[in-house]
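None of the figures in this text is laboratory data; all of them are computed from the coordinates on show. Owing to the predicted nature of the structure, the values given are computational and were not obtained by experimental measurement. All Cβ positions, even for glycine, are placed from backbone atoms using ideal geometry, and neighbour counts span all protein chains on display.
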Amino acid sequence: MLDTLLAWSGFLPFLIAAIAIVLSSLRVANEYQRGVVLRLGRLVGAKGPGLYLLWPIIDRQTMVDLRVVTAKVEQQEAITKDNVPIKVDAVVWYRINEPIKSVLAVKDAPTAVTQIALTTLRNVIGRHSLDDVLKEKDKLSIEMRTIIDGVTEAWGVDVQQVEMKDVVIPQSMQRAMAQEAEALREKRARIIKADAEFEAAQRLNDAATVIMKSPAGLELRRMQMITEVGAEQNTTTIIMMPSEFVSMARGIADAAKFMTDKKDAV
């Protein structure tokens, strides 16, 4: 019995060391994490999620986050196709879908994605005019995403969305654009007013044509206007005389003048 205890006591330190090594080798990766393990410099694979062993000294791991990452592209100064200097910043959303590639194919994948986004932003701005940058931001964002994703695909990175945030243009250009917008609004207002006057003139011409075909309609219109004036309780009443009375009065005046001139001549 004593010999057995002595034998076990000799193995006890090794057993304790083995248990300590196993416990120190235990690693846990969350559901959204993967551990890319290299053993003596050679790829073992992507470990996780959950519990796994990482042998000390001979194993090295790089933990990779598989969640969507929001990367801010700092403000860049670029020149548009029509030679206007502007400042633009953007936001890139991406995720690592192949953790092994993101470790072996590129060093520091997040920094690499941000830098390719910077250069792509400047290049895309340089290929478009200022009007395109201001009016077609969605189109330019899609173009940027396609270019960036084409580069990062080899790194195991999937670029999901790119959005341009703020476009800062020079103060002088802002004043010129404001004057242009004001001129366009004034032009539209004048065109609308001219169209309204033209349509009103056409309506009046049509009404005059209809009234001239029916003299009785003209008299009825005069009577209606007198009624409308009297209904408003005005102190002044306007009586409109028929045009026949005016013509008859002019004829009588002309005849009287003719007789006077003839008498003076005699």
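Couple of notes before you dig in:
- Using θ = phi - 60° and Karplus 6.51 cos²θ - 1.76 cosθ + 1.60, couplings along segment 145-153 (whole Hz; Gly, Pro as x): 4, 5, 5, 5, 5, x, 7, 7, 4
- Out-of-range pairs (alpha-carbon distance over 20 Å; input Lys137/Lys165; Lys107/Lys139; Lys81/Lys135; Lys137/Lys187): Lys107/Lys139; Lys137/Lys187
- Amide proton proximity set for Ala105, modelled H, under 5 Å, gap of 5+: none
- Highest-first arrangement of 58-68, 90-100, 75-85, where packing means the average Cβ count within 10 Å: 90-100, 58-68, 75-85
- Residues in segment 63-78 carry Karplus couplings, in order, of 7, 10, 8, 8, 6, 5, 10, 9, 10, 8, 8, 4, 4, 10, 9, 9 Hz; the curve used is 6.51 cos²θ - 1.76 cosθ + 1.60 with θ = phi - 60°, and Gly or Pro positions show x.
- Across segment 1-136, the relative contact order, built from alpha-carbon pairs under 8 Å that are at least six residues apart, equals 19 percent.
- Note on Val84/Asp108: beta-carbon distance plugged into 1/(1 + (r/R0)^6) with R0 of 35 Å gives a FRET efficiency of 0.50.
- Extending 7 Å from the Cα toward the beta-carbon at both Asn97 and Ala196 defines two label points whose distance is 5.7 nm.
- Here the simple spin-label model places points 7 Å from the Cα toward Cβ, and for Arg60 and Glu186 these points are separated by 7.1 nm.
- Summarising the amide proton neighbourhood of Lys47: residues at separation of 5 or more, or on other chains, whose placed amide H is nearer than 5 Å comprise Gly35, Val36, Val37.
- Gain upon complete extension [Glu74, Glu153; 0.36 nm per residue less C-alpha separation]: 26.2 nm
- Fully extended contour minus Cα-Cα distance, from Lys213 to Val22, at 0.36 nm per residue: 57.6 nm
- Cα gyration tensor of segment 69-169 - equivalent ellipsoid semi-axes, whole Å, descending: 26, 12, 11
- Stretching Val168 away from Asp206 to a fully extended chain increases their span by 8.2 nm, per 0.36 nm per residue minus the current alpha-carbon distance.
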